[in-house]
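The values are calculated or read from the model by the stated rules, or taken from the named source; none is laboratory data. Treat the numbers as computed from the prediction; the structure is a model and nothing was measured. Cβ placement follows ideal geometry from the backbone for every residue including glycine, while neighbour counts extend to all protein chains displayed.
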Amino acid sequence: MIKVGDTIPAATLLAATPDGPKEMSTAELFGEGKVVMFAVPGAFTPTCSARHLPGFLERTEALKAKGVDRIACLAVNDPFVLNAWAKDQGVGDKILMLSDGSAKFTKTLGLELDLSARGLGIRSSRYAMVVENGVVTVLNVEEPGGFEVSSAEAVLEAI
C-alpha cells in the first residue's frame, strides 16, 4: 500500500466534467502544489453522500486557507455517474470528481476494497490523502465500514 513519503504513481484518470469525461494524468493532478484527495467506495452510497462529500464541500474554504490548491474526490465509478452525483450534491467547481472506473489506479495504490459479496465488485477503500508536489504527506485510511480518519475535519487537523 502507498504510504507517507511515496510519490504518486503515473496513471491516467477521468475527470467528470459538465462537458463530458476529460483524461487527466496524475502528474497533472498532483505534480505541483498541495492537493487533498479523498476516495469513496461509491457515488450515491449512504455515508459518501450524507457525510463524506458534504464535509469536504462545507470545508472547502477552510482547506484553501491552509494552502490547499485543489480538492479531488476519487471513486471506482464511471465519470457519468460521478458527474450526476456532483450535480446532485451541488459540487460545482469546488471539488474535482475523478473516475477510476476499472480500479486500476486504486489497485496501484493498494487501496482497493472487495465488495463483491455485496454485489458491488472492486471499489476503493475510504481514505483521504494530502499530496504535496507529487509526494504523499498525509494518508488516512479507514477500516472497512468506518468514517473517522478520512473526514474533512480530520484532514484539516492533519495539515
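Here are the numbers for the structure shown:
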quantity	calculated
All positions within segment 1-36 that are assigned to a strand (DSSP E or B), under 16 Å from G101 (Cβ atoms) and aliphatic (A, V, I, L, M)	L13, L14, A15, A16, M24
Residue identified as under 21 Å from L113 (Cα atoms) and surrounded by fewer than 16 Cβ atoms within 10 Å (Cβ to Cβ) among D19, D6, D93, D78	D6
Breaking point among (1) of a type outside the set (S, T, N, Q); (2) buried (at least 20 other Cβ atoms within 10 Å of the Cβ); (3) modelled with pLDDT of 95 or more, for G110	(2)
Boolean, L53 is closer than 13 Å to W85 by Cβ, in contact (Cβ under 8 Å) with a residue 40 or more places away in the chain and surrounded by 15 or more Cβ atoms within 10 Å (Cβ to Cβ)	yes
Pairs where the first residue, in segment 66-94, is under 18 Å from F105 (Cβ atoms) and touching a residue at least 60 places away in the same chain (Cβ under 8 Å) and the second is part of a helix (DSSP H, G or I) and not hydrophobic (A, V, I, L, M, F, W, C), C-beta under 9 Å, 6+ apart	L74/T106
Residue list for segment 113-138, filter: modelled with pLDDT under 90 and within 13 Å of the chain's Cα centre (by Cα)	R123, S124
A39 being part of a strand (DSSP E or B) and small (G, A, S)	yes
Positions within segment 139-159 being closer than 20 Å to K64 by Cβ and more than 13 Å from the chain's Cα centre (by Cα), in sequence order	E153, A154, L156, E157, A158, I159
Selection status of A72, crowded, with 18+ Cβ neighbours inside 10 Å and among the small types (G, A, S)	yes
